[in-house]
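Novice: Below is the structure I would like to discuss, written out as structure tokens.
The values are calculated or read from the model by the stated rules, or taken from the named source; none is laboratory data. What you see is a predicted model; the values in this text were computed from it and never measured. Reconstructed Cβ throughout: ideal geometry from the backbone, glycine too, with neighbour counts over all protein chains shown.
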Amino acid sequence: MLLLLTGCAGYSALETQDPGPNAGRYALSQDRGPSTQISESDIEDIEILHEPRSRGGNSDYTLFGQRYVIMDSADGYVEEGYASWYGEKFHGHTTSNGETYDMYKLSAAHTTLPLPTFVRVTNLENGREVVARVNDRGPFHDNRIIDMSYAAAIRLGFAEQGVARVRVEALTPGSGGSPTAERSDFWLQFGAYRERSAADQFRDALARELNEDVVVESGNDFHRVRVGPLTGARAETLQTEWQSKGNDKPLLIRP
């Protein structure tokens, strides 16, 4: 059947089976400057709940000649790639599972995760993370693995940048809280630098300030400054202390 597009990119129609009311949204770029600006303090966290699959948006579908097969389960899903965001152009429109898109809530779009699915998205460029609820389909763009709401992009610190490299992890109720305190193999990433000299300089300063073991791990053109290994409790304490000084939350590296 043929559905009219509800989103941007200038396409007029798409071939599909049953991806949901808003399956045609194709985020090639982000709309800038929403009429109502918000700050991080305005964004409400969401609770990870047991939810049945929504009636809409959970059937396999074909879009622009590509077949998308919905995952049987989100358990164990982890992927790294690029995230984009979508905002005012789609605010108030119907999402793929039949809900109303609210750009000021923590939500996301994914091509094949079951709807809804809760995910933890971590910005690998600055260590910031957010828990969001996937209730839409997209982004149908090469090298993009998830499309965040405007609020989620603000929380992740890339609303102005538009695109960021991220890690996406599926969550289940009970999995999004504190790490297990008994384990001592957690790490915190405090920064990533392209220049090794800058990473070394920050490592030395951080070691003096935290009185913890600090290392530089190099790879994929970045030099990452990390503290550990730590217990879960110590990792949480360091995250809180670092944020209380006006810094971004360090990225928690789970075993």
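Novice: Please work out if Ala205 is at pLDDT below 95, aliphatic (A, V, I, L, M), outside the structural domain of Arg128 (by TED's automatic domain parsing) and loosely packed, with under 15 Cβ neighbours inside 10 Å.
Specialist: When the stated conditions are applied, Ala205 passes them.
Novice: Just give me the residues in segment 123-158 being surrounded by 24 or more Cβ atoms within 10 Å (Cβ to Cβ), touching a residue at least 40 places away in the same chain (Cβ under 8 Å) and in a strand (DSSP E or B), in sequence order.
Specialist: Ala132, Asn135, Asp136, Ile146, Asp147, Met148, Ser149
Novice: Which of the following residues is touching a residue at least 24 places away in the same chain (Cβ under 8 Å) and of a type in the set (D, E, K, R): Lys249, Lys245? It would help to see each step written out before you state the result.
Specialist: On the way: Lys245 fails: touching a residue at least 24 places away in the same chain (Cβ under 8 Å).
The unique qualifying residue is Lys249.
Novice: Please work out which one of (1) under 17 Å from Pro116 (Cα atoms); (2) at pLDDT 50 or above; (3) surrounded by 12 or more Cβ atoms within 10 Å (Cβ to Cβ); (4) not hydrophobic (A, V, I, L, M, F, W, C) is the condition Gly81 fails and give its number.
Specialist: Answer for Gly81: the failing condition is (1).
Novice: Scan segment 55-103 for residues that are among the polar types (S, T, N, Q) and closer than 23 Å to Tyr150 by Cα and jot them down.
Specialist: Just the residues of segment 55-103 that are among the polar types (S, T, N, Q), to begin with: 58-59, 62, 66, 73, 84, 94-97, 100.
Ser84, Thr94, Thr95, Ser96, Asn97, Thr100 - these are the residues of segment 55-103 that are among the polar types (S, T, N, Q) and closer than 23 Å to Tyr150 by Cα.
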